[in-house]
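These notes are about the structure you will find just below.
Every number in this text was worked out from the coordinates using simple rules, so none of it is lab data. Everything numeric here is computed off the predicted structure, so don't read it as measured data. Because the Cβ atoms are built from the backbone with ideal geometry, glycine has one as well, and the counts that use them run over all protein chains shown.
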Amino acid sequence: MAIKGRDESQERKGQEMSATLDVRPLAGSLGASVSGINLAEAGQSDVDAVKSLLTERKVLVFPNQNLTPAQHVALGQKFGELEGAHPNLAKPDAPDPHIFELAASEGGIADEWHTDLTFTDSPPLMSILNMVTCPEAGGDTMWTNLIAAYNDLSEPMQEMLEGLTALHDARPHGNRDAMAIHPVVRLHPETREKALYVNEHFTRRIVEMNAFESEALLAFLTRWVQNPRFTARINWSQGMIGMWDNRVTQHFVINDFVGERVIQRVTVLGDHPEGVRAPRFEPWTKRAKLSATSHWDAQLYRFLRDREGKQAAE
Ligand SMILES: [Fe+2]
């Protein structure tokens, strides 16, 4: 069975599907709009086809699905184990414990580029959004392709980044103590493609560099991933379902809408990001001398000290 709008090899992959997916790319780098499938009744072969397409396009939207909260949760469970509640931003009045509701009237619009929850040891694999109340205009979401962003860097820059790690924290959620260190370049666990894995919202520090080098490099990298050629922009409609691979993308909600915007999210648990190689250098704090600049290193020093303490206790 063919997938409309795709080439011959892609059609062969789709031969065992029970649905005929009509796939329209949303931008050159990533994103596709998909019709020809009722997600409320998706069987295993449909889910496998959507997973394969998601790996390829990284962001998918499905107009006019109008799923109930129970159907939304059931769909998410077909992709993996769901997160029970947001680690920092609990919403007790959500229609299901697995649903995190983002309502514009309560603020917290995610208008800074980020990969979700990179301050945790194992950030989510993917999320699925249900557009419940769509503003008449505005409130689009943008995504950027971190594999394309990595691939377009020069070889010397790629070579340097592959040996580095970065500290992430939940400062934007008011919890600077929630921290994790991840490789600056991570591997997609299925395709083994390399993705640039730092973001302006949660990434604080390149572990192996001094604070000033780190600041300059992060300023460059977090701006680099925002180049429009790596991005796609989704214009929402009522009842639309959107999903993204959180391991190799960042997103940004445009805070330009008037009126209510309510979106519900379920999140599939992910794994610990794997780097291309082990870190090649010691953390900067191992060699830094005490000076007036030491306050820049305090957070990293504290994280590493606590982690060593935990490892020693195990
Ligand atoms: Fe987000």
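Some values worked out for this structure:
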| read-out | value |
| --- | --- |
| Karplus (6.51, -1.76, 1.60) ³J(HN,Hα), θ = phi - 60°, over segment 218-234, in Hz, Gly and Pro reported as x | 5, 4, 5, 5, 6, 6, 4, 5, 8, 4, x, 5, 8, 10, 9, 10, 9 |
| Hydrodynamic radius (Kirkwood) for the chain, which is based on Cα pairs only, to one decimal in Å | 20.5 |
| Long-range HN-HN contacts of A178 with modeled amide H, under 5 Å | A170 |
| For the chain, with +1 on Lys and Arg beta carbons and -1 on Asp and Glu, the positive-most of F220, I128, A170 along the dipole | F220 |
| Dipole magnitude (debye, nearest 20) for the chain, charges at Cβ of Lys, Arg, Asp, Glu | 600 |
| Estimated inter-spin distance, Q311 and R229, nm [label 7 Å along Cα→Cβ] | 4.0 |
| Cα convex hull of segment 176-314, projected area averaged across orientations, nm² | 12.1 |
| Phi to ³J(HN,Hα) by Karplus 6.51 cos²θ - 1.76 cosθ + 1.60 over segment 69-84, Hz, x for Gly, Pro | x, 5, 5, 4, 5, 4, 4, x, 5, 6, 9, x, 6, 8, 5, x |
| Considering only the chain, percent of DSSP beta bridges that pair antiparallel, nearest 5 | 95 |
| Electrostatic dipole magnitude of segment 193-314 [Cβ: Lys, Arg +1; Asp, Glu -1; Cα centre; debye, to 20] | 200 |
| Efficiency of FRET between T293 and N175 - r from beta-carbon atoms, R0 25 angstrom, step 0.05 | 0.45 |
| Straight-distance crosslink candidates among aspartates and glutamates, where the alpha carbon sits under 17 Å from K310 and sequence neighbours closer than 8 are dropped | D121, D177 |
| Karplus 3J(HN,Hα) series, Hz, for segment 241-246 with 6.51 cos²θ - 1.76 cosθ + 1.60 (x for Gly, Pro) | 9, x, 9, 9, 7, 6 |
| Student exercise, segment 34-80 dipole from Lys, Arg, Asp, Glu Cβ charges, in Debye to nearest 20 | 160 |
